[in-house]
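The next block holds one structure in the form of structure tokens; read it before the comments.
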Amino acid sequence: LLHRDLKTPISLLPIRRYDEQSRRSNNCSINSILPDTHGGVAVLDLYATWCGPCKQIAPYVHKKNKESGIPLISIDVDKAGDLAAKYQIEAMPTFLVVKSKWNNVIDRVVGGGQGNVDKVYNKAIQSK
């Protein structure tokens, strides 16, 4: 699947990965993270900058990321519309657990409550 403007595979589009050590997000691609880290498991946080619940839950998501060591990939749906469409994102925040390949979704949770974040990270840990 190609991004219609860039003529680039969606799996190679730049996204943001949160790095707990530097407390910053860095540009990367989903495929650059999955093959060799944590059994190929990562949590995707699909959010929008204007989304109140996304902003509220973000500190808790980063806390769970630090505790679990599972890679966190944050995707702004307004900047990665093709990827959001491929994942069929209809509400934010949406959390996905992916394994080995960007399109191998093994869990999906919609909504920003702490229970939802816990559920996603528990599934990611079990799937390593």
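I'd like to check something: does the stretch 39-47 contain any residue that is aromatic (Phe, Trp, Tyr) and open to solvent by 40 Å² or more (accessible area, probe 1.4 Å)?
At the first step, the residues of the stretch 39-47 found to be aromatic (Phe, Trp, Tyr) are 47.
Cutting the leftovers down to open to solvent by 40 Å² or more (accessible area, probe 1.4 Å) gives us 47.
Yes, the stretch 39-47 has at least one match.
Residues of the stretch 100-128 being aliphatic (A, V, I, L, M), surrounded by fewer than 20 Cβ atoms within 10 Å (Cβ to Cβ) and in a helix (DSSP H, G or I), which ones?
The one that is aliphatic (A, V, I, L, M), surrounded by fewer than 20 Cβ atoms within 10 Å (Cβ to Cβ) and in a helix (DSSP H, G or I): ILE125.
Look at the stretch 73-103 and say how many of its residues are modelled with pLDDT of 85 or more and under 19 Å from SER127 (Cα atoms).
Selection size over the stretch 73-103: 6.
For VAL97, indicate whether it is assigned to a strand (DSSP E or B) and either surrounded by 14 or more Cβ atoms within 10 Å (Cβ to Cβ) or hydrophobic (A, V, I, L, M, F, W, C) (or both). Spell out how you get there, then give the answer.
Details: assigned to a strand (DSSP E or B): yes; either surrounded by 14 or more Cβ atoms within 10 Å (Cβ to Cβ) or hydrophobic (A, V, I, L, M, F, W, C) (or both): yes.
Considered against the rule, which asks whether it is assigned to a strand (DSSP E or B) and either surrounded by 14 or more Cβ atoms within 10 Å (Cβ to Cβ) or hydrophobic (A, V, I, L, M, F, W, C) (or both), VAL97 comes out as yes.
Of the numbered conditions (1) among the hydroxyl-bearing types (Ser, Thr, Tyr); (2) open to solvent by less than 10 Å² (accessible area, probe 1.4 Å); (3) touching a helix residue (DSSP H, G or I) at 6+ places or on another chain (Cβ under 6 Å), TYR60 satisfies every one except a single condition; which is it?
(2)
Here are some conditions: (1) touching a Leu at 6+ places or on another chain (Cβ under 6 Å); (2) more than 17 Å from LYS128 (Cα to Cα); (3) assigned to a helix (DSSP H, G or I). LEU83 meets all but one. Which one does it not meet?
So the condition that LEU83 fails would be (1).
The values are calculated or read from the model by the stated rules, or taken from the named source; none is laboratory data. Just so we're clear, the structure is a prediction, and the values are computed from it rather than from any experiment. A quick note on method: Cβ atoms are made from the backbone with ideal geometry, for glycine too, and the neighbour counts reach across all protein chains shown. Accessible surface areas use protein heavy atoms only, side chains included; no ligands, DNA or RNA. Shrake-Rupley method; radii C 1.70, N 1.55, O 1.52, S 1.80 Å.
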